[in-house]
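The values are calculated or read from the model by the stated rules, or taken from the named source; none is laboratory data. Note that the coordinates shown come from a computational prediction; the quantities given were computed from them, not determined experimentally. Cβ atoms come from the backbone with ideal geometry, glycine included; neighbour counts cover every protein chain shown. Ligands, DNA and RNA are stripped out before the accessible areas are found, and what is left, the full protein with its side chains, is counted by its heavy atoms. Shrake-Rupley method; radii C 1.70, N 1.55, O 1.52, S 1.80 Å.
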Amino acid sequence: MIKVAIVDDHKILTDGLQNLIEDAGIAKVVGVAHSATECRNSIGFWKPDVLLLDVGLPDISGVDFCKELKDRFPELNVLALTTHNEYSVVRQMMENGASGYLIKNAMTEEVLAGIQVVANGETFLCHEVDVLMKRPKETQLWLSQREREMLKLVAEGLTNGEIADRIFLSPETIKSYRKNLLLKLDAKNTAALVRIAVEQKLI
């Protein structure tokens with residue numbers, strides 16, 4: 001029986017996944033955490049074979065957390081579970097040690113297949129991500145109108161608080177947008193973000 005742990009900040013999702021996995025009879029859920037901190041404190045006791053890891057955790061980027069976990073537990077098989085289907089996010093997760101990648105709207109069969117495949121030490125990409133990774137790289141960057149607006153304000157040198165005031169959103173939401181832009185554009189910091197945005201004529 002495969003031992004699975006789930007790290008995601010949405011309780012409805014973790015409850016649903018737990019039921020889905022246990023009803024299928026292919027695995028047993030040994031632990032659930034709603035933040036990286038919770039996971040850090042418990043994963044040593046759970047000893048899962050497969051960890052379903054959300055990319056957008058409230059306390060740390062799942063991309064960074066994946067690397068931290070693989071450094072601590074090299075034998076752990078991480079299956080990323082996320083709403084992000086951008087090329088650069090998938091690539092960073094895989095580079096940081098994830099064995100597989102699932103989009104949250106994946107079919108039940110894909111979730112179960114993903115768990116079984118990565119538990120066997122192989123790589124699994126759900127259909128949507130598999131198609132994405134095979135596309136020519138130039139077509140893979142798509143920004144929403146709001147993200148382009150954010151990028152322009154970041155390039156003007158405004159702080160999260162100033163941007164929040166300008167477009168009437170909370171500083172936390174702006175912080176989340178900025179983090180997503182860094183991931184999408186594969187930028188290490190704000191300076192690199194602005195440089196890439198200019199080079200790719202996004203602003």
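Which FRET efficiency value, to the nearest 0.05, do you get for Q18 and D59 by plugging their Cβ-Cβ distance into 1/(1 + (r/R0)^6) with R0 = 22 Å?
Computed FRET efficiency for Q18 and D59: 0.55.
Sticking to Cα atoms, compute the Rg of segment 63-148 to one decimal and its Dmax as the biggest Cα-Cα distance, whole number, in Å.
My reading of the Cα-based Rg and Dmax gives 13.4, 41 Å.
So which of K152/K188; K11/K104; K152/K175; K104/K201; K134/K201 end up more than 21 Å apart, counting from Cα to Cα?
From the list (K152/K188; K11/K104; K152/K175; K104/K201; K134/K201), the Cα-Cα distance tops 21 Å for K104/K201; K134/K201.
Could you compute the net charge surrounding I174? Neighbours are other residues with a C-beta less than 12 Å from the C-beta of I174; K and R count +1, D and E count -1.
Numbers: positive: R146, R166, K175, R178, K179; negative: E147, E149, E162, D165, E172.
My count for the surroundings of I174 gives 0.
Label point 7 Å out from E156 along Cα-to-Cβ: which residues of segment 176-203 have amide N under 15 Å?
So the set is 203.
Mind checking which aspartates and glutamates have their C-alpha under 15 Å from K28, skipping anything on the same chain fewer than 8 residues away?
D15, D49
Of I115, I26, I12, which has the largest mean-square fluctuation in a 10 Å C-alpha GNM of the chain?
I12
Give the accessible area for S176 in Å² (nearest 10); use a 1.4 Å probe, count only protein heavy atoms, and leave out ligands, DNA and RNA.
The value for S176 is about 60 Å².
Give the span of segment 125-200's Cα atoms along each principal axis, as three whole-Å numbers ordered largest to smallest.
Computed over the Cα atoms, the extents are 40, 25, 21 Å.
Run the numbers for N189 and R72: contour at 0.36 nm per residue of separation, minus the present Cα-Cα distance, in nm. Walk me through the intermediate numbers first.
Working: separation 117, 0.36 × 117 = 42.12 nm, distance 2.56 nm.
Contour length minus Cα-Cα distance gives 39.6 nm.
Give me the accessible area of V198, 1.4 Å probe, in Å² rounded to the nearest 10.
It works out to around 90 Å².
Against the longest principal axis of the chain, how steep is helix 11-24, in degrees 0 to 90 to the nearest 10, with axes from Cα atoms?
Long axis of 11-24 versus the principal axis of the chain: about 30 degrees.
I need the P(r) histogram for the chain: all alpha carbon pairs, bin width 5 Å from 0 out to the longest distance, whole percents.
Values per bin, smallest distances first: 1, 7, 15, 18, 18, 15, 11, 8, 5, 2, 0.
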